[in-house]
Amino acid sequence: MSEGRATPLDRFLRLFASVSAGEGAVVLVMALNIFVLMTAYYLIKPVREALILASGGAEIKTYASTGQALVLLGVVPLYSRLASFLPRRRLIAVVLLFFATNLVVFYLLARAHVPLGVPFYLWVGIFNFMVVAQFWSFANDVYTPEEGKRLFAIVGFGMSAGAVSGSFIAGRLIGPLGTYQLMLLSAGLLAVSLILTAVVERRRAEPVAETSASPDASPEDMSGPNGFVLLLRSRYLLLIAAMMILANLVNTTGEYVLGARVKAAQEASVAQVVRAPGQTDAAYEAAVDARTERVGEGIGRFYADFFSVVNLAGLLIQLFLVSRIVKWFGVRWGILVLPLVAMGGYALMALLPAMGVVRWAKTAENATDYSLQNTARNMLFLPTTRQEKYKAKQAIDTFCVRVGDVAAALLVFVGTTWVTLSPAGFAGVNVVLAAVWVVVAVAIGRRFRGLTEGDGA
């Protein structure tokens, strides 16, 4: 379209990215869609932290990631099978409605006082990665590589803004409403996301041409191998998978250090329960439960505030830096920023592992992850085939992420039982892992440039 046909919305969005005439409305709906999804997730993220840390502790939280990886071994092939038989719109609807229904069930179980710490933690991890990965598969499907490089910064802004919104709302509502009611609000937002997806489907009815498919292939055809098979067939996808494993190994190990310090601080702030002479078992157990609940609420408030700061920083990075970094330096340099930030942060933590240092190092790491890294790594799928966008991306963004978490669980187990690593020791290990991550990111950047410039796979 010509410059003269650009709408006021198009011209406004050009303050943040290179928006062509007529693109503003759809990209804004896409940004609103991921905004809603991230708000839904961050409403229940403090709930997850409160339930798992209050009932099990930081070690149980880290070890629970192993269970998520095992569950995903079955979930990823099931998702691939659904993608092979369902049209895109129905696939998205089935997944969103499934998770919304699950949240209602969890709410009812919680009201019945069923212990939910580990089960809900497992579920939230699967929910977050599957729903967000599916959204980005959809975004990669409706935009060409050239469009995605220009517009994903705006879509990513919606993601960062949703994270800020969700953590802010959770921090304000967890007190007056209670922990469990946030589950119902999150379920309602998933229904809103479904409506927004339908709007985009109507505005961009035809998906982009598949990169390497036959010209005779149907645009809705995603039959064929599952995500794991597609992943193993592509060296490019294997490199992306390796990057995701390393990124989550580093991040989850850092989360363990932060979680352990947060729990210790909250337990120290709430008086221990001492059984009084003549106190009945029921009264004593009630006092213990009340203390556990107060510790959990304190942990929830800390993480709500922590996520608010992280997501606000990520929002500012997304708004003012991401599109400019991608435009000036390219995607291949964009994916190098986070491992370099992680190396610096963990080096500082190794030298001075105080609570304030751990908190602000993790703030810098997570803010970069949720903004620049998230946008850049989703751009990596722009030159892939349609099957790879949906099936292989689900395998990478769910199972491979959890493999990194399992590796972190093993590291925590060894570091707390056999080697007895201090927080500084865990940080030192992360410095080495981040250095390997830098090497993998360089290799991915080279192959991405080859794919987008037509130099082969």
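Give the stretch 384-417 a look and list any residue that's over 30 Å from residue 89 (Cβ atoms) and in contact (Cβ under 8 Å) with a residue 24 or more places away in the chain, or say none.
Across the stretch 384-417, the qualifying residues are 403, 404, 405, 406, 407, 408, 409, 411, 412, 413, 416.
Restricting to the stretch 399-454, give me the number of residues that are of a type in the set (Gly, Ala, Ser), at pLDDT below 85 and touching a Leu at 6+ places or on another chain (Cβ under 8 Å).
Qualifying residue count for the region: 1.
Taking the stretch 229-284 as the search range and keeping residues that are assigned to a helix (DSSP H, G or I) and charged (D, E, K, R), which one is modelled with the highest pLDDT?
235
Please verify whether residue 421 is touching a helix residue (DSSP H, G or I) at 6+ places or on another chain (Cβ under 8 Å) and not in a helix (DSSP H, G or I), treating the condition exactly as stated. Steps first, please.
On the way: touching a helix residue (DSSP H, G or I) at 6+ places or on another chain (Cβ under 8 Å): yes; not in a helix (DSSP H, G or I): yes.
Judged against the criteria, residue 421 is a match.
Could you list all residues from the stretch 234-248 that are among the aliphatic types (A, V, I, L, M) and within 14 Å of the chain's Cα centre (by Cα)?
244, 245, 247
So, in the stretch 135-147, exactly how many residues are farther than 17 Å from residue 194 by Cα, surrounded by fewer than 23 Cβ atoms within 10 Å (Cβ to Cβ) and touching a residue at least 60 places away in the same chain (Cβ under 8 Å)? Before the answer, list the steps.
Of the stretch 135-147, the ones farther than 17 Å from residue 194 by Cα are 140, 143-147.
The next check asks that each one be surrounded by fewer than 23 Cβ atoms within 10 Å (Cβ to Cβ); those that pass are 144-147.
Pick out the ones that are also touching a residue at least 60 places away in the same chain (Cβ under 8 Å) and you get 144-145, 147.
Total meeting the criteria: 3.
What are the residue pairs meeting all of these: first residue in the stretch 229-244, first residue within 20 Å of residue 129 (Cβ to Cβ), second residue among the small types (Gly, Ala, Ser), Cβ atoms under 7 Å, and 6 or more apart or on different chains?
Cβ pairs passing all conditions: 230/392; 231/241; 231/392; 231/395; 237/392; 239/443; 243/441; 244/404.
Would you check which residues across the stretch 377-403 are polar (S, T, N, Q), assigned to a helix (DSSP H, G or I) and over 17 Å from the mean Cα position of the chain (by Cα) and list them?
If the condition is that a residue be polar (S, T, N, Q), assigned to a helix (DSSP H, G or I) and over 17 Å from the mean Cα position of the chain (by Cα), then 387 is the only one that fits.
What number goes with the only condition from (1) out of contact with any helix residue (DSSP H, G or I) (no Cβ under 6 Å at 6 or more places or on another chain); (2) assigned to a helix (DSSP H, G or I); (3) at pLDDT below 90 that residue 175 does not pass?
Of (1) out of contact with any helix residue (DSSP H, G or I) (no Cβ under 6 Å at 6 or more places or on another chain); (2) assigned to a helix (DSSP H, G or I); (3) at pLDDT below 90, only one is false for residue 175: (2).
Which of the residues belonging to the stretch 159-199 are buried (at least 23 other Cβ atoms within 10 Å of the Cβ), out of contact with any Asp or Glu (no Cβ under 9 Å at 6 or more places or on another chain) and closer than 20 Å to residue 366 by Cβ?
Listed by number, the residues that qualify are 159, 160, 162, 163, 164, 166, 170.
The values are calculated or read from the model by the stated rules, or taken from the named source; none is laboratory data. Since the structure is predicted, the reported quantities are computational estimates derived from the model, not experimental observations. Cβ: placed from backbone, ideal geometry, glycine included. Neighbour counts: every protein chain shown.
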